[in-house]
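One structure below.
The values are calculated or read from the model by the stated rules, or taken from the named source; none is laboratory data. Note that the structure is predicted; figures quoted are calculated from it, not measured. No Cβ is skipped: glycine too gets one built from the backbone with ideal geometry, and neighbour counts run over all protein chains shown. Heads up: the accessible areas ignore ligands, DNA and RNA and are worked out on the full protein's heavy atoms, side chains in. Shrake-Rupley method; radii C 1.70, N 1.55, O 1.52, S 1.80 Å.
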Amino acid sequence: MADFTVGEKDFLLDGRPVRLLSGALHYFRVHESQWGHRLAMLRAMGLNCVETYVPWNLHEPAPGRHRDVAALGRFLDAAGAAGLWAIVRPGPYICAEWENGGLPHWLTGALGTRVRTRDAEYLGHVERWFRALLPQVVARQIDRGGPVVMVQVENEYGSYGSDRVYLRALADLLGELGVSVPLFTSDGPEDHMLSGGCVPGVLATANFGSNAREGFEALRRHRPEGPLMCMEFWCGWFEHWGAEPVARDADEAAGVLHEILECGASVNLYMAHGGTSFAGWSGANRDGEEHLGVLRPDVTSYDYDAPIDEYGRPTPKFWAFREVLAKYARGPLPKPPPAPAALGAPVTVPLTQWVAAEDVLEALGSAEEVYATPPTFEELDVDRGVVRYRFEVPGPRQPYPLRVLGLRDRAVVYVDGVRAGVLTEDEAVLPEPVAGPRRPRPPRRGPPPDGSRPHAGLPGAALDRDQRHPPPDLPPDAGAGSQHRRRCADRRPRRLAPAL
């Protein structure tokens, strides 16, 4: 057992100054069988610590129903076995380009903007979750013989809000549930971010990708004392669907790493190894300086242009960082472990058969139901998956533009069974207007026979992620009913998944 504390200028291990040379590696983005190899790669790069987030929505798919929470404990055991300390960032919000920022759909759907605030109902859910999660952390703290040296309070909260009562409540809750290692916050190096995200008595750290001296100067304006640490050194970046690949020059990034360390600071490489957002768990980000623009979905790969690529291989950035970090090592760095086994020769599989989406929905979807207005995914208890919204166009009427208001995802629109276009939040109108029937029809209780009336379907739409209820808009008034059929989310994850 050892004592890890925060001193006036340094981190202290049993009273002696120590520098954290950490790298981010998310256990939920790497197959468990590969954890050992990736952790050994961190050691070989010159790191002495690993950092990970914890996604709440992955581990609590429904209130009180938990799924493999012990995975975090197994990862921390693997880190300790690899000779690494560990930093845990349990949220409750994590960002991380992860579905809904790690918050469960059943939480944000019910509480809306009350999440990430002092709201009593929200904090009650957080406490229940932390009581299930934190035993995995508490038992593995460094003062109990484990690798965990620090735990984060919330995540970059100053970029979101300024509810200090909420942050204080989280910090107190972590302590009440047994966290005895130092707590910390992390925020961008701007005054409004640091003032909104810092907690009195809790170590503050900064996140940035360049201009280290300026970043630390901003941090010192808010915290004149305490160890300096860049908790997220953005040595690469994530990618969006349809955008150009992101790459950062290895030597330039190594130069910024050197600058951070020359300031006497500790560092956490974000990411050291990115891995993969499996099973549709990748998130999305809003464009714009204030993140109020359109949603841009993140790709499945979370390679992040990291020094260890998605396959676990060293990149030029790995060797450039290793050269910098070797200067701060207490001895020779270990050699990288043997390369992971490569796949054999490429194999071509001809696709000779296919199944129409309607047939898949009929086979795997739930029973179709009728609503006055289109229900949200949260109201349907769908976290990731595909929902078909179907409605009839009344008439007779001339053709009018069909638009979908409140769309927070991607909608493939069919009119009378024919694909008519793809709608998104920023392109929410079909290219061609939609007409009604030539003559009125008597009202029906159920869906009409095929071809008896023009109708439109929106498979794959995610409506009203901000908890509003605008129906599909077909001016003038298009009527009320909306029918849906959903299928199991684990069988057909959506590609777009908004991150708060």
So for region 270-414, Kirkwood radius off the Cα pairs, Stokes-Einstein at 4 °C and 1.567 mPa s: how many µm² s⁻¹? 61
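Do me a favour and compute the ellipsoid semi-axes for region 359-428 from its Cα gyration tensor, root of five times each eigenvalue, largest one first, whole Å. Each step should come with its number before you reach the end.
Numbers: eigenvalues 92, 51, 36 Å².
They are 21, 16, 13 Å, listed from largest to smallest.
Please get the size of the charge dipole for region 309-435, origin at its Cα centre, with Cβ charges of +1 on Lys and Arg and -1 on Asp and Glu, quoted in debye to the nearest 20.
Values: 14 positive and 19 negative charges, 240 e Å.
I would put it at about 1160 debye.
Compute the convex hull volume of the Cα atoms of the chain, divide it by the residue count, and report the result per residue in Å³ as a whole number. Walk me through the numbers before you get to the answer.
Details: hull volume 79.1 nm³, N = 500.
About 158 Å³ per residue, rounded to a whole number.
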Under 14 Å from K335, Cα to Cα: aspartates and glutamates that are on another chain or at least 8 residues apart: E323
Could you let me know the centre-to-centre spacing of region 374-396 and region 144-200, using Cα atoms, in angstrom? 39
Mean separation of Cα contacts under 8 Å (6+ apart) over length of region 1-147, as relative contact order %: 26
Longest exposed-site-free window of the chain, the sites being trypsin sites (Lys or Arg not before Pro) in a DSSP loop that have at most 12 other C-beta atoms within 10 Å: 68-326
Provide the per-residue ³J(HN,Hα) series for region 292-300, in order, calculated from phi with Karplus coefficients 6.51, -1.76, 1.60 and θ = phi - 60°, each as a whole number of Hz, with x at glycine and proline positions. 10, x, 6, 6, 10, x, 7, 6, 5
Determine ³J(HN,Hα), in whole Hz, for all residues of region 196-202 in sequence, where each value follows from phi through the Karplus function 6.51 cos²θ - 1.76 cosθ + 1.60 and θ = phi - 60°; x replaces Gly and Pro. x, x, 7, 10, x, x, 10
Scattering from the C-alpha atoms of region 188-314 alone, worked out with Debye: what is log10 I(q)/I(0) at q = 0.15 1/Å? -0.82
Checked against the positive end of the charge dipole of the chain (+1 on Cβ of Lys and Arg, -1 on Cβ of Asp and Glu, about the Cα centre), the farthest of V412, Y311, I87 is V412
With equal scatterers on the alpha carbons only and no solvent term, can you work out the Debye log10 of I(q)/I(0) for region 161-243 at 0.19, 0.20 1/Å? -0.86, -0.92
If amide hydrogens are placed 1.01 Å from N in the peptide plane, which non-local residues have theirs closer than 5 Å to the one on G209? W234
In region 325-405, which chymotrypsin sites (Phe, Trp or Tyr not before Pro) fall in coil by DSSP and have 14 or fewer other Cβ atoms within 10 Å? Y328, W354
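Accessible area, 1.4 Å probe, largest first: how do D172, D303, D249 sort? Don't jump to the answer; show the numbers that get you there.
Values: D172 70, D303 45, D249 95 Å².
Result of the area sort, largest leading: D249, D172, D303.
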Normalised contact order of the chain, rounded percent, pairs of Cα under 8 Å and 6 or more residues apart: 16
